[in-house]
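One structure below.
The values are calculated or read from the model by the stated rules, or taken from the named source; none is laboratory data. Computed from a predicted model, the values in this text were never measured in an experiment. In this analysis, Cβ positions are derived from the backbone assuming ideal geometry, glycine residues included, and neighbour counts consider all displayed protein chains. The accessibility values were calculated without ligands, DNA or RNA, using every heavy atom of the protein model including side chains. Shrake-Rupley method; radii C 1.70, N 1.55, O 1.52, S 1.80 Å.
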Amino acid sequence: MSIPSEIRNIIDRINQEINETEQEATEGISLVRPILSQFPENVALTQFFAYFSSILFFVEMCRTRRLPTIVEKISDSDVTDLEIEEAGEELGTLLGQVIEAKIGVRRIVERLQN
């Protein structure tokens, strides 16, 4: 059974959001790193750096483990409607998590730019 178009659209959106989040977190690290080297004892800067790093780890786990695992579950030829529904719910949750991470990264990047 092929993946339903609604599920495929969610997967595509997750991939897009993951890519954008990765780009913004990378930009955040690029912004915070030189400032942190000047003020290594600054707790807020250290937290920002750690946050960006953890977001990049989250992005990598989504891209290499979570998303492929979900897609693999629903790519079987004998997948049930219930399994597809559960995968859709899991994908919706993942999309929400990625968007939430992206918003957090964007707020900090904007703060650093100002």
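Table: residues versus (1) in contact with a strand residue (DSSP E or B) (Cβ under 9 Å, 6 or more places away or on another chain); (2) in a helix (DSSP H, G or I); (3) of a type in the set (D, E, K, R); (4) on the phi < 0 side of the Ramachandran plot.
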position: I3; (1), (2), (3), (4): no, no, no, yes
position: D12; (1), (2), (3), (4): no, yes, yes, yes
position: E17; (1), (2), (3), (4): no, yes, yes, yes
position: R33; (1), (2), (3), (4): no, yes, yes, yes
position: L56; (1), (2), (3), (4): no, yes, no, yes
position: C62; (1), (2), (3), (4): no, yes, no, yes
position: P68; (1), (2), (3), (4): no, yes, no, yes
Completion exercise
Among the residues of segment 87-114, the number that are more than 18 Å from S5 (Cβ to Cβ) and free of Cβ contacts under 8 Å to residues at least 60 places away in the same chain is 10
Handout entry: Restricting segment 1-58 to residues that are under 25 Å from E90 (Cβ atoms), more than 13 Å from the chain's Cα centre (by Cα) and touching a residue at least 40 places away in the same chain (Cβ under 8 Å), the residue that is least open to solvent (accessible area, probe 1.4 Å)
Key = I7
Problem - Matching residues in segment 60-98 - criterion: being of a type in the set (K, R) and either within 26 Å of L31 (Cα to Cα) or under 17 Å from the mean Cα position of the chain (by Cα) (or both) - result: R63, R65, R66
Fill in the blank from the handout: If we ask which residues in segment 71-85 are among the charged types (D, E, K, R) and open to solvent by less than 100 Å² (accessible area, probe 1.4 Å), their number turns out to be 2
Completion exercise
For segment 99-114 the number of residues that are more than 14 Å from T26 (Cβ to Cβ) and basic (K, R) is 2
Handout entry: Members of segment 89-108 found to be open to solvent by 40 Å² or more (accessible area, probe 1.4 Å) and β-branched (V, I, T), listed by number
Key = T93, I99, I103
